[in-house]
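So the structure is just underneath, and the comments pick up after that.
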Amino acid sequence: MTRKVGLGRSKDTNAELNLTPFIDLLSTMVCFLLITAVWIDIGSVEIKQSHGTEAAASKKISYDLDVVFRSPTQLRLNLKRNGKRVRAFNVKGEDFQSVLANMDQTITSKVLNYKNKAIEIASATITPRSSVSYGDMVSALDVLRKNAIVNIGILTAKGR
């Protein structure tokens, strides 16, 4: 009698898996996600990129505006023409809300009416300090948007 090598006792390939804990965990996660989805608030700020788009394609004389945070109660608005600063405006206030109000008034009366001519700002950049909160920076963006400046960029300044 010849014996076949490698054939031993056959093992049972049907293993029982207890899926009840997995289903319990899955149903708990689905309930948690459905309940917490109520608190998700998606917000957006509609702005355009200031450089590298159609803003750079125009060859006419354009004005740019740089907003530099100097301290929590002081900003500097640099009006630039063809990359060179033509005028700087210091904006001060007792608190940040008054700085924003003064910034809005300065942009409306002095920047957009530079030399008593209505000008258009092609792009704006904001340079915040590390001490500036995100909410304050977004509030400054809102002031720029309110004055029809939509090509906005944010510059980072190391160590400031």
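The values are calculated or read from the model by the stated rules, or taken from the named source; none is laboratory data. For clarity, every value in this text was computed on a predicted model and none was experimentally measured. When we count neighbours, we look across all protein chains shown, and the Cβ atoms used for this are built from the backbone with ideal geometry, even at glycine.
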Does Gly93 satisfy the condition of being at pLDDT 85 or above and surrounded by fewer than 16 Cβ atoms within 10 Å (Cβ to Cβ)?
no
On the given criteria, is Asp12 of a type in the set (Asp, Glu), part of a helix (DSSP H, G or I) and at pLDDT 65 or above?
no
Set Val68, Val132: member being surrounded by 16 or more Cβ atoms within 10 Å (Cβ to Cβ) and part of a loop (DSSP other than H, G, I, E, B)
Val132
Go through Ala88, Ala122, Ala118, Ala101 for me and flag whichever is outside any loop (DSSP other than H, G, I, E, B), surrounded by fewer than 13 Cβ atoms within 10 Å (Cβ to Cβ) and aliphatic (A, V, I, L, M).
Ala88
Yes or no: region 28-39 includes at least one residue that is part of a loop (DSSP other than H, G, I, E, B), exposed (fewer than 10 other Cβ atoms within 10 Å of the Cβ) and at pLDDT below 80.
no
Testing Ala56 on (1) surrounded by 10 or more Cβ atoms within 10 Å (Cβ to Cβ); (2) at pLDDT 65 or above, one condition comes back false. Which one is that?
(2)
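Restricting to region 135-160, what's the tally of residues that are of a type outside the set (S, T, N, Q) and in a strand (DSSP E or B)? Give the derivation first.
Residues of region 135-160 that are of a type outside the set (S, T, N, Q), as a first pass: 135-138, 140-146, 148-150, 152-155, 157-160.
Now drop any that are not in a strand (DSSP E or B), which leaves 152-154.
Residues flagged as of a type outside the set (S, T, N, Q) and in a strand (DSSP E or B) within region 135-160 amount to 3.
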For the subset of region 138-149 comprising residues that are in contact (Cβ under 8 Å) with a residue 60 or more places away in the chain and of a type in the set (A, V, I, L, M, F, W, C), which member is nearest to Val91 (Cα to Cα)?
Ala140
Test Leu25 against the stated conditions and say whether it is at pLDDT 75 or above, surrounded by 10 or more Cβ atoms within 10 Å (Cβ to Cβ) and farther than 30 Å from Val132 by Cβ.
yes
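Can you tell me which residue within region 40-53, out of those that are surrounded by 10 or more Cβ atoms within 10 Å (Cβ to Cβ) and among the hydroxyl-bearing types (Ser, Thr, Tyr), is modelled with the lowest pLDDT?
Filtering region 40-53 down to residues surrounded by 10 or more Cβ atoms within 10 Å (Cβ to Cβ) leaves 47-51, 53.
Still in the list and also among the hydroxyl-bearing types (Ser, Thr, Tyr): 50, 53.
Values: Ser50: 60, Thr53: 56.
Across region 40-53, the extreme among qualifying residues is Thr53.
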